[in-house]
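Everything below concerns the one structure shown next.
The values are calculated or read from the model by the stated rules, or taken from the named source; none is laboratory data. The structure presented is a predicted model; accordingly, all values stated were derived computationally and were not measured. We place every Cβ from the backbone using ideal geometry, glycine too, and count neighbours over all the protein chains shown. Quick note on the areas: whole protein, heavy atoms, side chains included, nothing else; ligands and nucleic acids left out. Shrake-Rupley method; radii C 1.70, N 1.55, O 1.52, S 1.80 Å.
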Amino acid sequence: MPRATPAPFQLVFPPFALPLKYKPHPISHLTFARFSILCPPAVCRNSSTASPPIITPPPPPSSIYIHLPFCRRRCHYCDFPIIALGSSSRNYDDDPRINTYIRLLLREIRATKPYSSLQLPIKTIFFGGGTPSLVPPRLIASVLDTIRTKFGEVAADVEVSMEMDPGTFDAGRLEEMVGVVGVTRISLGVQAFQEELLRECGRAHGRREVDEAIKLVSGSYGPRSWSLDLISSLPRQTEEMWEESLRLAVSAGPQHVSVYDLQVEEGTKFALLYTPGEFPLPAEAQSANFYMMASETLTHAGYEHYEISSYCKPGHECRHNITYWQNQPFYGFGLGSASYINGVRFSRPRRLKQYEEFVKDLEAGNMSAKNNASIVEDKEMAMDVVMLSLRTAKGLDLKGFQRSFGESVVLALCRAWRPHVESGHVVALDEERKAISIGKFDLELNGDCQLGRRVAFLRLSDPEGFLMSNELIAVAFGVLSP
């Protein structure tokens, strides 16, 4: 189900990357403790007493992403690797393209070597796309069976998420997916409640299918938890339309709501038609207002804003996506998907013919298949942790970050963000997650380089800090990689 922001299969890096344009920060001589372990006097006055960083081996993956690329047609904002089946049929269960792809996918899973003999129980499995609900339940079950055979134990409370589009399932199909196959969580790609906006996006469903799908997933055949996806900043979208979509989303009663801001990607139909910031796309100020409207409406309705684009009722976070935001390892399988294992990112081909050759190489033990692999260096790892952590309400764990990358790095980041702590866009928190005043924050910065006695976390304020996330993350990147 195509969305407006990057998904796990699109990037070699875990999903949700932010397009950043930034200038290096003036602190330009920072050295990482994990590189040379040298701490310049200008950064840390007490480097002789700085404790060395603790390097621990990463755990084996306990999350799996499965890419199912089939769609009825390509949406106008979508640049994901998909296979358009056509809109003429409502039943694709016997489509040879689906059956052939699933056989290829199963071959890849079987040919993949587990990370270690100490494999953890699989805790989350995410079927993304594409529109996974177009794939017959029996084939979804075969994928899950193959995962169990290959990776052994699956956690008793495993989260099995599936993206589904309105108009691609009925009550019988939903009941089989949830009750027989074992899907525990559904992400419903509504995107908009207005017919004109759905047509503008090239979506294959209309308002009637949206209402029918909501009735099904929220009924007796639905899963324990389901999410409703919306896109803001669409062409010709007004504040009245957005207010209506938010109101109808709340009234639908999902346990989770994802709100994505439209990104016009190169090579899409929208990129041929529109220029970001120019009519009929909204201006930057209007997009910011859409974001603030979503934050206010959803938090007022009892949803926790636990990640920059994600809201949930208590206990209904998407556990699979938390794997990405915590920069934890994961397996990826299927066309264009990405894995992140033992500090190495690895992407699969986005074209079906090349993906088929990749699977053959994998089966033959041809390690040239790893040409798309890249080792994550320390500075890059630090940037990943900062960017992903600041997307969340929890924020950046300074003590954990210090253990991995050294005191000098943490102190330099805090000094760089100090003006934004003062402005309220960055919030400093103690270990009990209580806000710390700028005065106490300054005491930490001017102390003896033992940062962390008072300040335990740094997070972005909601919604003002989240709205400035690109700029604030850019400040950090200027410190970490000048």
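Quick one: pull the percent of accessible area on region 157-255 belonging to carbon and sulfur, 1.4 Å probe, ligands and nucleic acids left out.
Details: 1640 of 3520 Å².
Roughly 47 percent, rounded to a whole number.
Would you please give the residues with an amide H less than 5 Å from that of Gly129, counting only those at least 5 places away or on a separate chain, with H modeled from the backbone geometry?
The list, which skips near neighbours in sequence, is Leu68.
What is the packing order of peptides 307-316, 357-366, taking the mean over residues of other C-beta atoms within 10 Å and listing the highest first?
Details: 307-316: 19.6, 357-366: 15.3.
With the highest mean Cβ count within 10 Å placed first, the list reads 307-316, 357-366.
How far apart, in nm, are the 7 Å Cα→Cβ label points at Phe279 and Ser88?
Between Phe279 and Ser88, the simple spin-label model gives 4.1 nm.
Which FRET efficiency value, to the nearest 0.05, is calculated for Glu357 and Lys113 with the Förster distance at 22 angstrom and r the Cβ-Cβ distance? Walk me through the numbers before you get to the answer.
Values: r = 19 Å, r/R0 = 0.86.
That gives a FRET efficiency of 0.70.
Could you tell me the calculated FRET efficiency between Val344 and Arg103, based on Cβ-Cβ distance and R0 = 35 angstrom, to the nearest 0.05? Present the calculation step by step, with values, prior to reporting the outcome.
On the way: r = 27 Å, r/R0 = 0.78.
My answer for the efficiency is 0.80.
Roughly speaking, what is the stretch gain from Arg148 to Leu443, that is 0.36 nm per residue apart minus the C-alpha to C-alpha distance, in nm to one decimal? Don't skip to the end; give the middle numbers.
Numbers: separation 295, 0.36 × 295 = 106.20 nm, distance 5.26 nm.
Result for the pair: 100.9 nm of gain on full extension.
On each of the three principal axes of the Cα atoms of region 209-345, give max minus min coordinate, whole Å, ordered largest first.
Extents along the principal axes, in whole Å: 45, 39, 28.
Given a Förster radius of 51 Å and the C-beta distance between Thr238 and Ala364 as r, what FRET efficiency does 1/(1 + (r/R0)^6) yield to the nearest 0.05? Don't skip to the end; give the middle numbers.
Details: r = 56 Å, r/R0 = 1.09.
The formula returns an efficiency of 0.35 here.
Sort 405-414, 295-304, 433-442 by the packing proxy (mean of other Cβ within 10 Å over each peptide's residues), most packed first.
On the way: 405-414: 25.0, 295-304: 16.2, 433-442: 13.2.
Per-residue mean Cβ counts within 10 Å order the peptides as 405-414, 295-304, 433-442.
Using a 10 Å cut-off on Cβ atoms, rank the peptides 272-283, 321-332 from the highest mean neighbour count down. Don't skip to the end; give the middle numbers.
Numbers: 272-283: 14.1, 321-332: 20.9.
Result, highest mean first: 321-332, 272-283.
If you wrap a convex hull around the alpha carbons of region 281-378, what volume per residue comes out, as a whole number of Å³?
Values: hull volume 16.9 nm³, N = 98.
Residue-normalised Cα hull volume stands at 172 Å³.
How large, in percent, is the carbon and sulfur part of the accessible surface of region 337-482 at a probe radius of 1.4 Å? Show your work: numbers first, answer last.
Values: 3020 of 6140 Å².
Whole-percent figure for carbon plus sulfur exposure: 49.
Hey, can you find the accessible area per residue of region 407-482 for me, probe 1.4 Å, expressed in square angstrom?
Per-residue value: 39 Å².
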